[in-house]
Amino acid sequence: MLDEYKDNQKIVYKILKNAITSDRISHAYLFETNGYKEADKVAIAFAKSLFCPNKYTNNEKCMQCVQCTNIDKNNFLELKIIEPDGMWIKKEQLDDLQKEFSMKSVVANKKIYIIHHANQLNASSANTILKFLEEPNENIVAILITENAYQVLETILSRCQILSFRKQKNFENDNLFQRLSFYMAIPDTIDTEEKLSEKIEAIKKFVRTIENKKKDTILFTQRLWHEQIVGKEVGQFAFDIMIYIYRDMLASKMQMEPFLFSQATLEELTQKNTINQINEKIKIINEAKENIKYNANMSLLLDKLIIELSDVN
């Protein structure tokens, strides 16, 4: 139940608990996990409380009702959980969801759907779910779960209440390889701490050059990027690191705990950007990363990226 998370996820718990007690439920939530491994369990616990006629958030007054038991068994008609089918969440999955949820509720006064790995919505499925979110039914609640909110389309983000989970792991004594492994898959070719550090420094240098030299960075892409970042997987990894650089800049601006890089490491870059500029740059980098999946020409992709980042005002 939801109360189990009141200590290790105080902010998320408080927001969800207040929504339940005040009966002010958003039609769509996006859970940004930040490496927190039990976000899916929080989503289920939240769903149980939304379905509960007494709004219980713990078992103290409840004797393990059949409703919650069926939810735990993934056998509750009004709760739909969607996982990616292969690499993507497909349009057909969401078409089936809409068809099911167009029918009248049988055993509850709400219908709830949970989408795991919402960043794996492809163009077609994202458009389908967007239409669902644009015309919300007051008795339907969406919970989208993703590691990184900036990997989800802005049009979807704008229609969700975003809740960011606090990471649970203390990285103070971990090396860089351990920290990054907690958040993302590291390409097999980067198999040592030394190689990883070299790539990170190269990516940071690339970002610093864009921030300082703007569009002139195009003149240095061979040395700064192509000689350092080789292969599709390493390219996607590099874009992920760029996103984390800007996310930590954003965290610094908002006086929040950084994800990977210390405030001192990014202080100069942070001062050069407003919160809106950082958000816009994260969006641009994320769009560029998505294009790698479709085998876009890397030279053209980088030129476009540099120009768009330089033009952010």
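The values are calculated or read from the model by the stated rules, or taken from the named source; none is laboratory data. If you're wondering where the values come from, they're calculated on a predicted model, not measured in any experiment. Because the Cβ atoms are built from the backbone with ideal geometry, glycine has one as well, and the counts that use them run over all protein chains shown. When the accessible area is computed, the model is the full protein with side chains, heavy atoms only, and any ligands, DNA or RNA have been set aside. Shrake-Rupley method; radii C 1.70, N 1.55, O 1.52, S 1.80 Å.
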In terms of solvent-accessible area of protein heavy atoms at a 1.4 angstrom probe, what is the ranking of 216, 95, highest value first? 216, 95
Rounded to one decimal in nm, the spacing of the 7 Å Cα→Cβ label points at residue 276 and residue 300 is 3.2 nm
May I ask for the longest run of the chain untouched by GluC sites (Glu not before Pro) that are loop-located per DSSP and have at most 10 neighbouring C-beta atoms (other than their own) within 10 Å? 228-313
If you look at just the Cα atoms of segment 1-141, how large are its Rg and its Dmax in Å? 15.1, 45
Any chance you could run the full-extension gain for residue 267 through residue 131? It's 0.36 nm times the residue separation minus the Cα-Cα distance, nm to one decimal. 44.9 nm
Counting Lys +1, Arg +1, Asp -1, Glu -1, what net charge surrounds residue 308 among other residues with beta carbon under 12 Å of its beta carbon? +1
Segment 29-87: D in µm²/s via Stokes-Einstein (Kirkwood Rh, Cα pairs, 20 °C, 1.002 mPa s)? 166 µm²/s
Mind running the shape call on segment 179-229? Use the C-alpha gyration tensor, a ≥ b ≥ c as the square roots of the eigenvalues: rounded below 1.5 for a/c, prolate if a/b tops b/c, oblate otherwise. prolate
For the chain, what does the relative contact order come out to in percent, with C-alpha contacts under 8 Å and a separation of six or more? 18 percent
With all protein chains in place and a 1.4 Å probe, residue 188 shows an accessible area in Å² (nearest 10) of 130 Å²
In the neighborhood of residue 78, defined by Cβ-to-Cβ distances under 12 Å, what is the net charge if each Lys or Arg adds +1 and each Asp or Glu adds -1? +4
Could you work out what % of the accessible surface of the chain is carbon and sulfur, using a 1.4 angstrom probe and leaving DNA, RNA and ligands out of the count? 47 percent
Descending semi-axes in Å of the chain, equivalent ellipsoid built from Cα gyration tensor: 39, 22, 17
Mind grabbing the base-10 log of I(q)/I(0) for segment 243-288 at q = 0.27 Å⁻¹? Debye formula, identical points on the C-alpha positions, no solvent, two decimal places. -0.95
Quote the accessible area belonging to residue 164 in square angstrom, nearest 10, computed with a 1.4 Å probe and with ligands, DNA and RNA left uncounted. 50 Å²
So if I take the centroid of the Cα atoms in segment 116-164 and the same for segment 219-272, what is the distance between those two points in Å? 26 Å
Residue 103 accessible area, assembled protein chains, probe 1.4 Å, Å²: 110 Å²
Please find the FRET efficiency linking residue 62 to residue 287, where r is the Cβ-Cβ separation and R0 is fixed at 45 Å, and quote it to the nearest 0.05. 0.45
Net charge of neighbours whose Cβ lies under 14 Å from the Cβ of residue 98, counting Lys and Arg as +1 and Asp and Glu as -1: 0
Result for the chain: accessible area per residue, probe 1.4 angstrom, in square angstrom, of 52 Å²
Sequence gap at least 6, Cα distance under 8 Å: using those rules, report the relative contact order of segment 24-177 to the nearest whole percent. 42 percent
